[in-house]
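S.K.: Pasting in a structure now, in structure tokens, and then I'll have a few things to ask.
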Amino acid sequence: MATPFDYADGQLGVDGVSLADLASEFGTPLYVYHRPTIHAQLAAVREAFDDYPTRVCYSVKANSNLRLIKWLNAREVGFDVVSAGELTRAVIAGVPAERVVFAGVGKTEAELRQAVASKLWMITLESVEEAEAVTRLAEAMGGSAVPVALRINPDVDALTHPHITTGRGMDKFGLIPAEFEAALSWVLERPEVELVGLHMHLGSQITDMRPYEEGLQEVVRCAKQAQEAGAPLKWINAGGGFGISYGGESVPAVADFAAAIVPQMRPTGVELVLELGRFLVGPAGCLLTTVLYNKPRPARQLAIVDGGMTTLLRPALYGAEHRVLPVEEHHGALEPTDVAGPICESTDYLARRHPLPRLESGATLAILDTGAYGMSMASHYNSHPGPAEVWITEDGLVEPIRRRETIEDLLTIDMEAFEA
Ligand SMILES: Cc1ncc(COP(=O)(O)O)c(C=O)c1O
């Protein structure tokens, strides 16, 4: 889906809500999410996969807002968590344990203990050592066998940005094909765990179907081997990764992903799990930020804004490119514009040489498609408090879903030791 944010009567907004008004009311930097877009994205996935038994999960790392998790929980999605913190968020939001998958390449013993005690849907194991740790804990804690999945690293290039590629043999994630057999035998011999799933996650922002086809071929081969060895497999988790359009370019439709994934699943007889983050929430968000200064630079204008890499890390981290629009519509000439944040790092840019009108101090810009990996990657570097988040409901209501942080919030933990 294209961004829902568009111009009407000279103002950028959505469903009659003006982004300039939101910036005035809530201040900037401000994340704004359009809930009907999340709903539409979820419905599109469910429809595209509706002729194969499929459970759609939400990958909490994409946007961990509690209100969002609660809202998605009411739509009966499953949840992919990768830390005790994300698991705790799901629990607080009311997600039942049997709808939570716990993945993650470096779970600590304390996290595994919490996962085992919570009786989750399944824990995804990424190494034999981790399987040993879960077995030890399960033995010590008693109770029925812990449902687990094995994460396969099928050694497939996701053909996306190298920093968000996770299924090549050299990557740290999962079991490479040479490790799988030993892990399978190990797990099948232990009564404390029950192998109910296989998992792969090849990377994020994938726009080519070949990685899914090749990766699943390997996972399906492993599934056959596991079934022949007596594993009670119920699920194959094909991960997340569906790409979205960041620059207005055309990207595959969700039906294309279904066409690549479903035919491979049919011979296995097990259900499909998807754990999507970016696709569900990315297009629904925009980040509002205010121009503080406009400095001349050779062959470009340089706008210094109040939100930077601590608010939206993706451009600094991966060179990600987002569309940037002024909230007041402009019909005049555009200039190549660097949009830089206030942080003392030379990578602190939100956009480079982006076509924008001449920007005065006080102008508000909207950085589009920032619903995923925006707020959840925000940091406090340079002691900047985190931005606020609001969403727009199906009735066009604006609801704050996280207040702006204060400097007092930032200092709370430091002060404990400082005042001791
Ligand atoms: C294991 C796992 N599953 C799902 C996802 C979600 O990916 P995406 O947001 O691209 O759908 C990620 C993201 O990195 C992940 O690591």
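The values are calculated or read from the model by the stated rules, or taken from the named source; none is laboratory data. Bear in mind that the values here come from a model prediction, so they are computed numbers and not experimental data. Here Cβ is always computed from backbone atoms with ideal geometry, including for glycine, and neighbour counts include all displayed protein chains. When the accessible area is computed, the model is the full protein with side chains, heavy atoms only, and any ligands, DNA or RNA have been set aside. Shrake-Rupley method; radii C 1.70, N 1.55, O 1.52, S 1.80 Å.
S.K.: Report, to the nearest 10°, how far helix 407-419 tilts away from the longest principal axis of the Cα atoms in the chain, using its own Cα long axis and a range of 0 to 90°.
M.R.: Once rounded, the angle reads 60 degrees.
S.K.: Would you work out the relative contact order for region 142-263, in percent, from Cα pairs under 8 angstrom that are 6 or more residues apart?
M.R.: 28 percent.
S.K.: Still on this structure, please answer the following. If you roll a 1.4 Å probe over region 214-314 with all protein chains in place, what percent of the accessible area is carbon or sulfur?
M.R.: With neighbouring chains kept in place, the figure for region 214-314 is 56 percent.
S.K.: Show me the ranking of peptides 331-342, 193-204, 244-255, 406-417 by mean Cβ neighbours inside 10 Å, starting with the highest.
M.R.: Going from most to least packed, we get 193-204, 331-342, 244-255, 406-417.
S.K.: Hey, what do the phi angles of region 2-11 turn into as Karplus ³J(HN,Hα) couplings, whole Hz, using 6.51/-1.76/1.60 and θ = phi - 60°, x for Gly and Pro?
M.R.: Whole-Hz 3J(HN,Hα) from phi for region 2-11: 6, 4, x, 7, 8, 8, 9, 6, x, 10.
S.K.: Here's something else I'd like to know. Nearest 10 degrees, 0 to 90: what angle lies between the long axis of helix 254-265 and the longest principal axis of the chain (Cα atoms)?
M.R.: 10
S.K.: Nearest-5 percent of antiparallel DSSP beta bridges in region 96-276?
M.R.: Antiparallel bridges make up about 5 percent of those DSSP assigns within region 96-276.
S.K.: Using just the Cα positions, wrap region 287-420 in a convex hull and report its mean projected area in square nanometres, one decimal place.
M.R.: 10.0
S.K.: Taking only the alpha-carbon positions of the chain and ignoring solvent, what does the Debye formula give for the base-10 log of I(q)/I(0) at q = 0.10 Å⁻¹?
M.R.: For the requested q values the scattering log ratios are -0.72.
S.K.: Report the Cα-based extents of region 337-413 along its three principal axes, largest first, to the nearest Å.
M.R.: Here the spans come out as 39, 35, 24 Å, largest first.
S.K.: Considering only DSSP beta bridges whose two residues both sit in the chain, what percent are antiparallel, to the nearest 5?
M.R.: Close to 45 percent.
S.K.: Using per-residue counts of other Cβ atoms within 10 Å, averaged over each peptide, order 170-182, 270-282 from highest down.
M.R.: Highest-to-lowest ranking by the protection proxy: 270-282, 170-182.
S.K.: Right, next: Compute the length gained on full extension between ARG352 and GLU249: take 0.36 nm times their separation in residues and subtract their Cα-Cα distance, giving the result in nm to one decimal.
M.R.: 35.3 nm
S.K.: For region 96-276, report the convex hull volume of the alpha-carbon atoms normalised per residue, in Å³, without decimals.
M.R.: Here the figure is 116 Å³ per residue.
S.K.: A follow-up question, please. Which angle from 0 to 90°, rounded to the nearest 10, does the C-alpha axis of helix 210-228 make with the longest principal axis of the chain?
M.R.: Computed tilt is about 20 degrees.
S.K.: May I pose another question? Averaging sequence separations of C-alpha pairs under 8 Å and six or more residues apart, then dividing by the length of region 78-223, give the relative contact order as a whole percent.
M.R.: Relative CO of region 78-223 lands at 21 percent.
S.K.: What lysines does LYS224 reach when the alpha-carbon gap must be under 17 Å and sequence neighbours fewer than 8 apart in one chain are set aside?
M.R.: Those lysines meeting the cut-off are LYS234.
S.K.: Which distance in nm do the two modelled labels at HIS330 and TYR381 give, with both placed 7 Å along the Cα-to-Cβ direction?
M.R.: 2.7
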